[in-house]
Number of protein chains: 2
Amino acid sequence: MLNRRKVIGGIGGAAIAAAAGAQLVGSRNRRKLGYAIVGLGYYATRMIMPQFANCTNSRLTALVSGTPSKLEQFGAEYDIPARSRYSYAQFDSIRDNPDVDIVYVVLPNSMHAEYTIRAARAGKHVLCEKPMAISSAECEAMIAACRAAGRKLMIGYRSHFQPHNIHAMRLARQGAIGKRRFVQSEHGFPINNPSQWRLDRELSGGGSMMDIGIYSVQALRYMAGEEPIAVTATENTDRNDPRFREVEDRIAWSFLYPSGLIGNGLSSYSSNHNHIRLSGDNGWIDLEPGTAYDGHHMRVRKGWDEPQDVKPPPGPGANQFAAQLDHLAVSVLENREPIVGGAEGIQDVRLIEAIYRSAKEGRTIRL
Amino acid sequence: MLNRRKVIGGIGGAAIAAAAGAQLVGSRNRRKLGYAIVGLGYYATRMIMPQFANCTNSRLTALVSGTPSKLEQFGAEYDIPARSRYSYAQFDSIRDNPDVDIVYVVLPNSMHAEYTIRAARAGKHVLCEKPMAISSAECEAMIAACRAAGRKLMIGYRSHFQPHNIHAMRLARQGAIGKRRFVQSEHGFPINNPSQWRLDRELSGGGSMMDIGIYSVQALRYMAGEEPIAVTATENTDRNDPRFREVEDRIAWSFLYPSGLIGNGLSSYSSNHNHIRLSGDNGWIDLEPGTAYDGHHMRVRKGWDEPQDVKPPPGPGANQFAAQLDHLAVSVLENREPIVGGAEGIQDVRLIEAIYRSAKEGRTIRL
């Protein structure tokens, strides 16, 4: 655990720093909202839960898991009383727990819709991990449920709270590299363990696109600053590989945008990628790694000059994880919409559906 | 001129170094074959002609130009006698010049076929700049003419004589990064001067694809080590921009290969790119710049390790330009086929035709 904390960069205790924009400014309200974490897997327990110690407006108050030993172990570690430890069968009674303001859904993809909707119906605000759900129809139901309940919905797009990504978007908007002409993003890793849930279509809803390619989709959107109007995709998957009997391995695609910008994306379960580059008519901005847990690296090239390393100004919060948790808490406290709400989540899922369709039909899909 | 020589890296006087493979080894024959340069533009006069001083088997013996003052200026500079200075009208009499063994065609693209065919008919071997021609039909005629005349034909793909590119191909073949899964290459520059020949379709045959995107096509092929079986492309060109009234600006495309490898390419006349990356299931090889005149930079990443800078072993010749000139000379002297002959050139032109067609029709083209 200590080791893992080191990996994610423990700028522990840092206050919410000079923020990137009004939307990201921390609340003057010092109240801490209570989070219930639903699903105690690696990401929840190793990456998210240690971060409440770095939060200003968020605290961990409840746990939901199907594994009693996990509830016991993490309940003890984080001082969660027995009444705030839930099995999935008990989940709906979370409505009666005044210590829980927000439910953070960190389950396999196919369970996102169900637990988001049940949380909203229980009167809780929801932070849901990406992908928002495994179909745009599910996303619509999630948005409707949160709206009907009068509760906030945010999707776990932590890059929007990460200093290098925030600074790259800012430079692009300011015209630092001229007019935007080409954006590219590749995300992937060689997946192993054929029995993991990511390779089980029932749980994942898809292959690399749903898990890691969605970072490329997101990056191609936030670096562009506009929405694609067409997509053209190519897939390759070795169906004889035991990992890929149910889900896709690699997909490459191009987005075309209204301004004429072109975007190339890659999603892979059989090669290493974590890269974003935006090229203008007067240089480029490069992030590699671009969306990692830490260790981000940014280079900017002006015209034909040598590329320069750029250290961005501090972002909000102690790090992207803590800032993300606090952003939803502050959005709730101040009754503002989160910057990455349901509309952001459904757009990525719609684009992934279009990418799948383009690859399958071998033609450009107009959006 | 001195300045330019510095730019291209004057490893002057270096002998043909330990070569990459048998095909690139220099000849033990010390005879120097005579080259006629056809077209005295920037590339010919600044990049190529100074390199004969670094060659082992090649010398400059004739000049062909439509501009008498250029013939006079460069004829004097390179000590070319008046009888070996030709206008285009006089070109066919080059057959009677025993000092000329090889004709190097460095003309605008639409003139490549004509001068290659006329050179072959005049009994000369031919080095032709890329793109080989502006259509695959022209390429076929060029191959047929050289075959009928019993003369060698080589296309100016200098990356095959450039140490970083040679080493990258070698590492890929040796499995240094595992099984090849994704290859990408972006080439482009913001073009200016709307009146230049590259933007005149009559002379160029096309836009960025013909001039700079062809480097991406080539790189996607030589880094893959196999030929694409399908292509899917997206184009964007602002036809209101005075530069792009006749030719395309940007095209992005994906190649699919028999092994399942996917390749993403970009060609641009409105942003800076000179990049090649091959990703395997155990790391990647990155060249940036990848196909510049000099200053190549290579990084290799093994698995999840930190990327490492890699300095390749010396390639053949003093540099890629001299090695290319000598390769054809040695191929002639030893009656071997050049490693980048007409078959290599026509394949790129066929792929460019397929890329254009895919972008126009909005669908995947099977090859």
Q: Out of the residues in the range B:95-114 that are closer than 28 Å to B:Met210 by Cβ and without any contact (Cβ under 8 Å) to a residue 60 or more places away in the chain, state the one that is surrounded by the most Cβ atoms within 10 Å (Cβ to Cβ).
A: B:His112
Q) Before we move on, is A:Val217 under 17 Å from the mean Cα position of the chain (by Cα) and within 18 Å of A:Tyr356 (Cβ to Cβ)? A) yes
(Q) Among (1) surrounded by fewer than 24 Cβ atoms within 10 Å (Cβ to Cβ); (2) within 10 Å of chain B (Cβ to nearest Cβ), there is one condition A:Ser279 misses while meeting the rest; what is its number? (A) (1)
Q.
Checking the conditions here, which among A:Asp92, A:Asp79 is part of a helix (DSSP H, G or I) and open to solvent by 40 Å² or more (accessible area, probe 1.4 Å)?
A. A:Asp92
Q. Could you say which residue among B:Cys139, B:Cys146, B:Cys128 is of a type outside the set (Phe, Trp, Tyr), more than 27 Å from B:Asp200 (Cβ to Cβ) and open to solvent by less than 20 Å² (accessible area, probe 1.4 Å)?
A. B:Cys146
Q: Among the residues of the range B:202-226, write down those that are open to solvent by 10 Å² or more (accessible area, probe 1.4 Å), in contact with a Lys or Arg (Cβ under 7 Å, 6 or more places away or on another chain) and more than 22 Å from B:Cys128 (Cα to Cα).
A: B:Gly225
Q | Answer residue from the range B:36-76, given it is touching a Leu at 6+ places or on another chain (Cβ under 8 Å) and charged (D, E, K, R) and is least open to solvent (accessible area, probe 1.4 Å) among those | A | B:Lys70
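Residues checked against (1) touching a residue at least 24 places away in the same chain (Cβ under 8 Å); (2) open to solvent by 10 Å² or more (accessible area, probe 1.4 Å); (3) away from chain A (no Cβ under 14 Å):
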residue: B:His275; (1), (2), (3): yes, no, no
residue: B:Ala318; (1), (2), (3): yes, no, yes
residue: B:Asn335; (1), (2), (3): no, yes, yes
residue: B:Val349; (1), (2), (3): yes, no, yes
Q) Residues in the range B:282-305 that are facing another protein chain (nearest Cβ under 9 Å), out of contact with any Asp or Glu (no Cβ under 9 Å at 6 or more places or on another chain) and in contact (Cβ under 8 Å) with a residue 40 or more places away in the chain: how many? A) 2
Q.
For the range A:149-201, which positions are hydroxyl-bearing (Ser, Thr, Tyr) and either buried (at least 17 other Cβ atoms within 10 Å of the Cβ) or within 15 Å of the chain's Cα centre (by Cα) (or both)?
A. A:Tyr157, A:Ser159, A:Ser185
Q: Please specify each residue of the range B:239-262 satisfying the condition of being more than 10 Å from every other protein chain (Cβ to nearest Cβ), of a type outside the set (S, T, N, Q) and out of contact with any helix residue (DSSP H, G or I) (no Cβ under 7 Å at 6 or more places or on another chain).
A: B:Arg239, B:Pro242, B:Phe244, B:Arg245, B:Pro258
Q | Residue tally, condition free of Cβ contacts under 8 Å to residues at least 24 places away in the same chain and either aliphatic (A, V, I, L, M) or surrounded by 24 or more Cβ atoms within 10 Å (Cβ to Cβ) (or both), over the range A:232-273 | A | 2
(Q) Could you check the range B:209-247 and list, in sequence order, the residues that are closer than 30 Å to A:Lys360 by Cβ and among the aliphatic types (A, V, I, L, M)? (A) B:Met209, B:Val217, B:Ala219, B:Leu220, B:Met223, B:Ala224, B:Ile229, B:Ala230, B:Val231, B:Ala233
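The values are calculated or read from the model by the stated rules, or taken from the named source; none is laboratory data. None of these values were measured; they are calculated from a predicted model. With ideal geometry, Cβ positions are generated from the backbone for all residues, glycine too; neighbour counts draw on all protein chains shown. In case anyone asks, the SASA skips ligands and DNA or RNA and just uses the protein heavy atoms, side chains included. Shrake-Rupley method; radii C 1.70, N 1.55, O 1.52, S 1.80 Å.
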